Amino acid sequence: MIEFLNRLFGREPSSRTAKERLKLVLLSDHLSLAPDVIEALKHDLFEVISRYVEIDAANCDVTFEQREKQVAMMANIPILGMQKRPAPPPVPPASHTNGSSKPARKASANGSGTPRRRRRKAQPQSMPQPQLAQGSPQPT
Amino acid sequence: MINQVVQDEVPVAGDVPRVRGRAIVVTSGKGGVGKTTTTANLGTALAALGASVVLVDADVGLRNLDIVLGLEARVRHHVLDVLEGVVTLDEALVTDKRVPKLRLLAAAQTREKDDVDTAAFRDLIGTLRDRFDYVLIDCPAGIEKGFVNAIAGADEAIVVCTPEVAAVRDADRVVGLLGDDRKVELIVNRLRPALVRKGKMLSVDDVNDILHLPLLGVIADAPDVIVSTNRGQPVALDPASEVGESYRAIARRITGQDSAAPEIPREKTFLGKLFGGRS
Ligand SMILES: Nc1ncnc2c1ncn2[C@@H]1O[C@H](COP(=O)(O)OP(=O)(O)OP(=O)(O)O)[C@@H](O)[C@H]1O
Ligand SMILES: [Mg+2]
C-alpha cells in the first residue's frame, strides 16, 4: 500500500517504475498471460502454501527470470512456523520407507521436483495418496 | 571477444578462397528509435576505417537513409529496380564522395514492402556480401514483411533501443524473432545521463538486465545528431563531436580493432556545455 502511494505521488524514481512495468509486461509477453493473471497466480501460490505452513505474507516475493528460452519462476516465501498442518494429521517423518517411493517418483515426472516434500509427508497415509500425487505439480 | 570479426570463407570462381563480408541488419521493432541514424553513421565510420561498405535501405516506401547521408540528390535507382532487372547493381549503387568506400543502395519510395520478394532480397544481400566487407541493412520499424525481408540475408543483427519501456519491450520481441542463429548485439541510443542520475530514465544496465544482449555501444541523446541530419552530414564524420566518436568507437568494435568495454556517455559539465554546442 505504501509502495502504491509512493508510486502514485511520484516518490519512487520513475526509472524504477519503468523497469518494474517492463519486467511484468515482458513476463506476460513471454508466458502469454495477462499481468492480472500472474498476480492471481502469485496469490494462489501463497494461499496454497499457507495451508500447510505459516508464512510471512508481507515478505513473500515471487520473481520471474528469463533463462535462455524459458522463464523460471522463483518464490521466496519466509516460513514463520510449521504449526499449520493439512487437514488430515500427518504421520511422523520416521515412518518413511523406501518401498513407498515408487508412486511418488512417477508423479514427479509430470511436474517439477519441488512438491516432493509435501508428498512425502502425505504418503504414509492410507487413502489420499493418488489424489495428492496427481494434484501436486500444480502449485509450482 | 564477442566482437571478433567472424567471416566465413566462400570459394569463388577460379577457386581462390575469398573472405565473405558480414551482413548486419540494424533493427529495433519500435519506430523512430534511431535505426537509420545508426546505419548511416556506422556505415560512414566503417568506411572511414578503410572497409568497403554498402548500406541497403530496406525501408521500402519510406526511404530515409539517403536523406540522413545527404545523398538524396544522387539517387537514380533503387533496390526494386535491381531486383526487377531494370538496372544493374552497379548502376543503382551511389558512391559517397566524402568516404569513397561507402555505397548506398536506396529503397523505392513509391512502392510497398509487399512488393519485395524475400528470397530475391536475401540473394541480393548474398551478392553484396561477396563484394563488400560490410553490408548494413536499415530495417523498417515493425515486424511484418519489411522486417522479414530485411533480416532474411543478415547473419548478424544490431538491435537499437532507446531507454524507454515501449522500445525495450519491442526490442525484446525482435530479439525473439531474430532467432538463435544470428549474432545479436545491442546499441542503446538517446541516453540522457543526467536523467539517468536523477532516476528519471532507465539506465543502460536497466535496459540490458532485461534484454541480456552483448553491448556494442551507447549513443547519447545529442543535438549534434539532429544538426548533422539537417545538413546531411553524418555526425561520425565530425572529428570534434562526442557522439561522432561514439559511432567511431562502435565501428572499431565491429571490426575488432577495439575490444574494450563500451563507454557509457557521461553528463556534460557546465563548461563543456558552453563550448561544446553546435548549431
Ligand atoms: N542519439 C540521438 N540524439 C538525438 N536525436 C536522435 C538520436 N538518434 C536519433 N535521433 C533522431 O530521432 C529521429 C528518428 O531517428 P531515425 O530516423 O534514425 O529512427 P528510425 O528508427 O530509423 O525511424 P523509423 O522507424 O521511422 O525508420 C530522427 O529525427 C533523428 O535525428
Ligand atoms: Mg528509419
Output for the stretch B:130-151, where each listed residue is open to solvent by 20 Å² or more (accessible area, probe 1.4 Å) and either away from ligand 2 (no atom under 13 Å from the Cβ) or within 14 Å of another protein chain (Cβ to nearest Cβ) (or both): B:Asp130, B:Arg131, B:Asp133, B:Ile143, B:Glu144, B:Lys145, B:Val148
Residue in the stretch B:46-58 that is closer than 24 Å to B:Arg169 by Cα and in contact (Cβ under 8 Å) with a residue 24 or more places away in the chain present: yes
Test result for A:Ala34, at pLDDT below 60, away from chain B (no Cβ under 14 Å) and more than 17 Å from the chain's Cα centre (by Cα): no
Pair list, Cβ < 8 Å and 6+ apart or interchain, from the stretch A:48-60 residues that are touching a residue at least 40 places away in the same chain (Cβ under 8 Å) to residues that are surrounded by 12 or more Cβ atoms within 10 Å (Cβ to Cβ): A:Val48/A:Pro139; A:Ile49/A:Ile55; A:Ile49/A:Ile77; A:Ile49/A:Pro139; A:Tyr52/A:Lys84; A:Tyr52/A:Arg85; A:Tyr52/A:Pro86; A:Tyr52/A:Arg118
Unique residue being in contact with an Asp or Glu (Cβ under 6 Å, 6 or more places away or on another chain) and aliphatic (A, V, I, L, M) when the list is B:Leu102, B:Leu71, B:Leu83: B:Leu102
Odd one out for B:Asp181 among (1) over 27 Å from B:Leu55 (Cα atoms); (2) within 14 Å of chain A (Cβ to nearest Cβ); (3) surrounded by fewer than 16 Cβ atoms within 10 Å (Cβ to Cβ): (1)
Residue within the stretch B:137-157 that is under 20 Å from A:Leu22 (Cβ atoms), within 15 Å of ligand 1 (Cβ to nearest atom) and hydrophobic (A, V, I, L, M, F, W, C) present: yes
Wholly within the stretch B:161-279, helices (runs of 4 or more DSSP H) carrying at least 1 residues that are in contact (Cβ under 8 Å) with a residue 40 or more places away in the chain: B:165-178, B:193-197, B:204-211, B:223-231, B:242-255
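The values are calculated or read from the model by the stated rules, or taken from the named source; none is laboratory data. Remember, it's a predicted structure, so these values are computed and weren't measured experimentally. Cβ: placed from backbone, ideal geometry, glycine included. Neighbour counts: every protein chain shown. Quick note on the areas: whole protein, heavy atoms, side chains included, nothing else; ligands and nucleic acids left out. Shrake-Rupley method; radii C 1.70, N 1.55, O 1.52, S 1.80 Å.
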